[in-house]
1. Taking θ = phi - 60°, what integer Hz values does the Karplus form 6.51 cos²θ - 1.76 cosθ + 1.60 yield along the stretch 14-23, in sequence order, with x for Gly and Pro?
2. Suppose every K and R has +1 on its Cβ and every D and E has -1 on its Cβ; what is the size of the dipole of the stretch 8-75 about the Cα centre, in Debye to the nearest 20?
3. By the scheme Lys and Arg +1, Asp and Glu -1, what is the net charge of all other residues having a beta-carbon under 15 Å from that of residue 24?
4. If contacts are Cα pairs under 8 angstrom and at least 6 residues apart, what is the relative contact order of the stretch 8-75 in percent?
5. With every atom except the alpha carbons ignored, what do you get for Rg and Dmax of the chain, in angstroms?
Amino acid sequence: MSLARNLVKVGEVREANKSPVVDEQESVLLRVQVVHVIASGDGGAVVNGIGRLEDSPWNLVPTVTGAGGWASLLYTPK
């Protein structure tokens, strides 16, 4: 059996939406897009893909990609 579109890669990356102040425990929104890899280049977005984003060493946060293949993480620096 062969699964279609079983190769994925990072598409666009959206960095922090602001510069947080650590002393005030501000959070930032980090976003990454996941796309299928096909022979002729990039395929479509991966929707409802299950993954994990790392918010610090040894801490993986479960996430699911949404519309357009975007996954997000609300990160509070320490």
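We did not get these values from a lab; they are worked out from the coordinates using the rules stated. Only a predicted model underlies this, so the values are computations on that prediction, with no experimental measurement involved. Reconstructed Cβ throughout: ideal geometry from the backbone, glycine too, with neighbour counts over all protein chains shown.
1. 10, 6, 3, 7, 6, 9, x, 9, 4, 4
2. Charge dipole of the stretch 8-75: 300 debye, to the nearest 20.
3. 0
4. Answer for the stretch 8-75 is 31 percent.
5. Here Rg and the maximum Cα pair distance are 14.8, 53 Å.
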